[in-house]
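Worksheet for the structure shown next.
Since every read-out is calculated from the coordinates, none of them should be taken as a lab result. The shown structure was predicted, so the numbers you read here are calculated from the model rather than taken from an experiment. Glycine also receives a Cβ, built like all others from the backbone with ideal geometry; neighbour counts cover every protein chain displayed.
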Amino acid sequence: MNTLWNSLEQQGISRGLLEDIKKFRRRYPVEENVKKRVTCPEVPFYGKEVFEMAAAALLEGENVLLTGGKATGKNVLAENLAYVFGRPAHNISFHVNMDSSSLIGTDTFEDNRVSLRKGPVYLCALNGGFGIFDEINMAKNDAVSVLHATLDDRRMIDVPGYDKIELHEATRFIGTMNYGYAGTRELNEALVSRFMVIDMPPITEETLNAVLTELFPDAKREGLNQLIGLFMDLQLKASNNEISTKPLDLRGLIGAIRTIRIGLLPRAAIRMGIVNKTFDIFEKEIVEDIVMTRIPQEWTRKQIFD
Ligand SMILES: Nc1ncnc2c1ncn2[C@@H]1O[C@H](COP(=O)(O)OP(=O)(O)OP(=O)(O)O)[C@@H](O)[C@H]1O
Ligand SMILES: [Mg+2]
């Protein structure tokens, strides 16, 4: 816990806000049976403004929808928020076949009687959980419409066939969505209106540096700087529409650095993590050229790790 708080304090997140979060935690202590669901995220979220917006909205009882490009930290932020607020987290991956029973629960036959196997939204309602609606725009709108009463001021589960239940006061929902991924849909207005929406900004050089230093404390400064430079070059080209966002893949960069650490040549690793993310041969050439200027062919693991 302390390292996460430290990281937030070091980023200069408003003290008042952090105090309010602590008050929230004191007001809603976690019940013993759900303590194991309060899990510490693997990485701290970097991004003061975005964190402050999300935390302020949640403190005011709002639900938050995080939108933005791939690997902009939406899930990292959602997990950090649940943890910092001291709430059990329920991750709910949305998909096309989602229906109300996968959200709220299904009837099961047990000991000669019908009982409800509680779904994640139901459990959030009971435990004061933070429900993370992952890729919320993958689901069909009518599946999600059962959540209208849950997400607005009524704060209850009100679905035919289920008992009406009120949400615990600490319950919140955080949606994530990546606009324009294959298979995503337009979210309907009624649903969006039930969230405060945060558009995740593109990663800055400073944030990227913080993320990679956190993940690879053993990397050499100069080597890491070239990789950061490479990513920023790609981001600039993508924002000028000279390349698509396919090779602009932070997850891929992180994966590449991991494979360099175990001994792969940097250029081969970057090819797997970045260059080959595009399938267009012309774009691939442009990306290769950018990689060439940052990562010389002769580089080995030694340039990046001891
Ligand atoms: N602001 C950030 N703070 C900390 N880590 C970050 C940040 N942005 C990106 N990352 C890194 O990028 C990786 C991907 O982040 P995450 O899974 O949260 O992305 P996402 O926005 O949910 O992407 P997608 O839309 O593809 O699901 C994380 O493992 C983390 O290492
Ligand atoms: Mg995600």
Based on DSSP, what percent of beta bridges with both residues in the chain are antiparallel, to the nearest 5? 35
Whole Å is fine, so just give me how far the alpha carbon centre of region 235-278 lies from that of region 56-105. 27
Helix 221-239 versus the longest principal axis of the chain: what is the Cα-based angle in degrees, 0 to 90, to the nearest 10? 70
Other-chain or far-sequence residues with amide H under 5 Å of Met196's (modelled H): Asn63, Val64, Leu65
Report the gain in length on full extension from Thr213 to Glu298: 0.36 nm times residue separation, minus Cα-Cα distance, nm rounded to one decimal. 28.2 nm
Which entries in Lys70/Lys237; Lys70/Lys277; Lys23/Lys164 show an alpha-carbon gap greater than 19 Å? Lys23/Lys164
Under a 5 Å amide H to amide H cut-off, with H placed in plane at 1.01 Å, what residues pair with Met156 once short-range neighbours are removed? Thr150, Leu167
What size of dipole, in debye to the nearest 20, comes out for the chain about its Cα centre when the only charges are +1 on Lys and Arg C-beta atoms and -1 on Asp and Glu C-beta atoms? 760
Along the charge dipole of the chain, Cβ charges K/R +1 and D/E -1, which of Thr3, Pro120, Gly131 sits furthest on the positive end? Thr3
Tell me which residues come under 5 Å, amide H to amide H, from Ser93 once H is placed; ignore anything under 5 positions away on its chain. Asp134
Taking a crude spin-label model, label points 7 Å out from Cα along the C-beta direction, the Glu32 to Arg221 distance in nm is 5.2
What angle do you read, to the nearest 10 degrees and between 0 and 90, between the alpha-carbon axis of helix 205-215 and the longest principal axis of the chain? 80
Helix 74-84 axis, angle to the chain major axis (alpha carbon atoms, nearest 10°): 60
Compute the relative contact order of the chain as a whole-number percentage, counting only Cα pairs closer than 8 Å that sit 6 or more residues apart in sequence. 17
